[in-house]
Every structure is written in structure tokens, then in C-alpha cells.
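Everything below concerns the one structure shown next.
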Amino acid sequence: MKTNNKKVYNLIQSRFVDLDKKFVGLNRSKGFTIVEMLVAMSLFTVIISITTGIFIRSLRTQRYANALLAANSNASLAMEQMARDIRTGSKFCQDTGSVTDCGNIINGAYEKLSFSSATRGTITYGRDASSGALTQTIYGKEAPITASNVTVKKLSFYVQGNILNDSQAARITIVLQISAPGTPFADSAINLQTTVSSRNITNE
């Protein structure tokens with residue numbers, strides 16, 4: 001009888017041992033070692049760092065592109081404002097005492113443009129060297145017409161047909177060179193140009 005009990009005990013114990021081994025093997029097959037965890041975390045960190053860097057650079061590039069586009073739009077609006085005044089103006093860059101001098105002539109171009117407006121008296125457009133802004137002077141008061149996000153690097157006015165009683169409409173070519181401050185494009189330049197004809201033929 002004792003022998004049978006011992007056999008039954010050994011059989012039950014061996015069954016529990018087998019089950020225990022199976023559970024241990026099952027747990028080991030689904031687990032990770034510390035080395036595997038460290039490798040996985042390192043790869044995850046590297047991938048996240050690269051992705052974040054690309055995303056940040058993309059945002060920065062987009063911000064610079066928007067700044068450049070805004071500067072270009074603002075300068076274009078300023079040129080359109082000048083064009084509207086020029087179309088109805090007369091007496092462009094004449095030394096008659098009634099208008100302001102247009103400044104020095106550099107390579108055939110004036111550095112400022114002064115003329116008589118149809119409704120607002122004498123108007124002078126120029127560039128403020130200290131702020132880099134495009135300015136408008138009316139009734140002796142100078143004010144910028146470009147925003148702070150625009151730097152005017154160069155401004156030239158080519159004037160034709162501005163001789164008194166020549167029976168020709170004055171034609172003014174505006175050459176504007178701008179940049180966007182505070183961006184990597186600050187040292188580069190955008191060139192804008194337009195030609196406007198006055199509606200006053202005699203230019204008197």
C-alpha cells in the first residue's frame with residue numbers, strides 16, 4: 001500500500017514539475033531581456049530625434065518663406081501706391097524751385113523722385129538709409145510706406161520725358177531691391193521693377 005501511495009505521489013509531483021516548466025518556458029518566450037529593452041529604447045529615441053529635427057526644420061523653413069513672401073507683398077503694395085501718384089503727377093525731377101530736388105544721379109538714375117501731385121502738392125519718394133524703409137514726403141512730413149519686415153537695399157528712378165513743353169508724357173521706371181530682415185534671406189535681395197507713364201502730356 002505504501003508503495004502505491006509513493007508512486008501516486010511521485011506521479012503527481014512530476015506532473016506539477018512538468019506544468020511548472022511549461023509555465024516558465026511560456027513566460028520566457030513572451031518576455032524581453034534588459035539588453036533588448038535598452039536597444040529598443042535607443043532605436044526609438046534616435047528615430048524620434050530625427051523626426052523631430054526634420055519637423056522643426058520644416059517649420060523654420062516655412063516661417064522664413066512666409067516672411068519673404070510678406071516682404072515681397074508689402075513692397076509691391078508700396079510700388080503700386082507710387083504708381084498711382086505718378087500717373088496723375090507732373091513736373092518730375094525739375095529744378096524749377098517749385099519741387100524738391102531728386103537727389104544725385106547715379107548711372108543715369110535718380111535716388112529720389114519728386115513731383116507735383118494733382119491733389120496733394122509736392123510728393124517725394126525716397127529711401128531712409130538708417131531704417132531701410134521706403135518713405136513718402138508730403139507737406140514736408142516724411143513717413144515710411146513699407147513695414148518693418150522689409151529692408152529696402154536699393155531704390156532708383158529712371159525718368160524720361162520730363163522736360164517742360166516737350167509734348168511727351170513722363171515715363172518713370174522704378175527699380176526696387178528689397179530683403180527680409182531676421183531671416184537667412186536677409187543678405188540676399190529681391191529685385192522689383194515697374195514702369196509708369198504720367199497722364200499729363202505737357203508735364204507743366
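When only DSSP loop residues count, what chymotrypsin sites (Phe, Trp or Tyr not before Pro) in the range 93-159 have their Cβ near at most 14 other Cβ atoms within 10 Å?
Y139
Within 10 Å of each residue's Cβ, count the other Cβ atoms and sort L68, L77, L134 from fewest upward.
L77, L68, L134
Take S198, S49 and order them by how many other Cβ atoms sit within 10 Å, fewest up front.
S49, S198
Every read-out reported here was derived from the displayed coordinates using simple, explicitly stated rules and does not represent laboratory data. Quick caveat: nothing in here was measured; it's all calculated off a predicted structure. For neighbour counting, all protein chains shown are included, and Cβ atoms are generated from backbone atoms with ideal geometry for every residue, glycine included.
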